[in-house]
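The values are calculated or read from the model by the stated rules, or taken from the named source; none is laboratory data. Note that this is a predicted model, so its numbers are computed, not measured. Cβ sites come from the backbone with ideal geometry, for glycine too, and all protein chains shown count toward neighbours.
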Amino acid sequence: MERGLPPGGAETPPTRQNMRDILIAHSWFADLPDRLVTQMAEISVLRRYAAGDLIHSKAARATFLHGVVSGAVRVSSTSIAGREAILTYYGPGDWFGHIALIDGLARTHDIHAQEDSVLVNIAHHDFNALLRAEPELYRHIALMLCRLLRLSFAWIEDAALLSLPARLAKQLLSLARSYGEAHGNGTLIRLRLPQEDLAMLLGTTRQTINRRLSDWAKLGWISVHYGEILILDRQALQNCVDHESETLSGAPIF
């Protein structure tokens, strides 16, 4: 089931030009022929989700392709025992739902709004009709899926070969690129990020994350305050990653 706020939470329909501007903010849409962007804008709608809202659940029937306009969403999976594993976050410009769009099967993961968010929703039946009318769009979908696959391989490689400190440093740098903003002499990660969430994202415990963040705070690399992380020394974190990544360099497998 695809969810959102009740009717009162629906966004005011944007103009066609506003929707075009929203779509081309993502590099994938910016590369599409102009006529395809216009056609996709015509079948797109905006919807608001409150922090914590379930956007869709694992194994649910898929009915929409989603894009994040503002805010952030959390991709996760929960075991039978109720243990949640966070896989990644999607922020502005990111799209999800491609897999179910192509194969017609159920959703692969749970998606929740990490904070108040606005999404672009495109109904599957509208998108599939556009695909039938514009077969050229398949190539662009394939390119989007290739990007997702490359990111997945990179994540698997990191999980298998990098130490926890290196993976944590790399994750903080990635979050800073996606959600960071200048703040004093550092970069503040503007994302609600409890240490429990960081621990689930990296497959470890909150206590382990807390110890590592405390060590880095003492070194002056970061500052942690009420769930917010301020990165003060990007290069120190990058060095932590590079020290191990040097041994992994070489030609890509795929």
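Annotations
- Count - residues of region 101-115 that are of a type outside the set (S, T, N, Q) and either part of a strand (DSSP E or B) or touching a Lys or Arg at 6+ places or on another chain (Cβ under 7 Å) (or both): 8
- Residue in region 126-140 that is modelled with pLDDT of 90 or more, under 18 Å from GLU42 (Cα atoms) and among the basic types (Lys, Arg) present: yes
- Which listed residue, of GLY82, GLY104, GLY52, is more than 17 Å from the chain's Cα centre (by Cα), within 23 Å of ALA199 (Cα to Cα), of a type outside the set (A, V, I, L, M) and surrounded by fewer than 17 Cβ atoms within 10 Å (Cβ to Cβ): GLY82
- Entry remark, region 148-203: residues being touching a strand residue (DSSP E or B) at 6+ places or on another chain (Cβ under 9 Å), surrounded by 12 or more Cβ atoms within 10 Å (Cβ to Cβ) and farther than 18 Å from ARG74 by Cα number 4 in total.
- Extreme residue, farthest from HIS26 (Cα to Cα), among residues of region 49-107 that are touching a helix residue (DSSP H, G or I) at 6+ places or on another chain (Cβ under 8 Å) and of a type in the set (Ser, Thr, Tyr): SER76
- VAL118 being surrounded by 15 or more Cβ atoms within 10 Å (Cβ to Cβ), among the hydrophobic types (A, V, I, L, M, F, W, C), free of Cβ contacts under 8 Å to residues at least 40 places away in the same chain and touching a strand residue (DSSP E or B) at 6+ places or on another chain (Cβ under 6 Å): no
- Test for ASN128: is it surrounded by 13 or more Cβ atoms within 10 Å (Cβ to Cβ), assigned by TED's automatic domain parsing to the domain that holds GLU42 and in contact with a Lys or Arg (Cβ under 6 Å, 6 or more places away or on another chain): no
- Test: residue in region 182-198 that is under 28 Å from SER70 (Cβ atoms), part of a helix (DSSP H, G or I) and touching a residue at least 60 places away in the same chain (Cβ under 8 Å): yes
- Qualifying positions in region 30-83 - acidic (Asp, Glu) and within 25 Å of GLU115 (Cβ to Cβ): ASP53
- Residue ranges of strands (runs of 3 or more DSSP E) in region 36-82 with at least 1 members without any contact (Cβ under 8 Å) to a residue 60 or more places away in the chain: 54-56, 64-70, 73-78
- LEU168 touching a Cys at 6+ places or on another chain (Cβ under 9 Å), at negative phi and outside the structural domain of ASP31 (by TED's automatic domain parsing): yes
- Of everything in region 1-35 that is in the same structural domain as LEU145 (by TED's automatic domain parsing), of a type in the set (D, E, K, R) and not in a loop (DSSP other than H, G, I, E, B), the residue that is modelled with the lowest pLDDT is ARG16.
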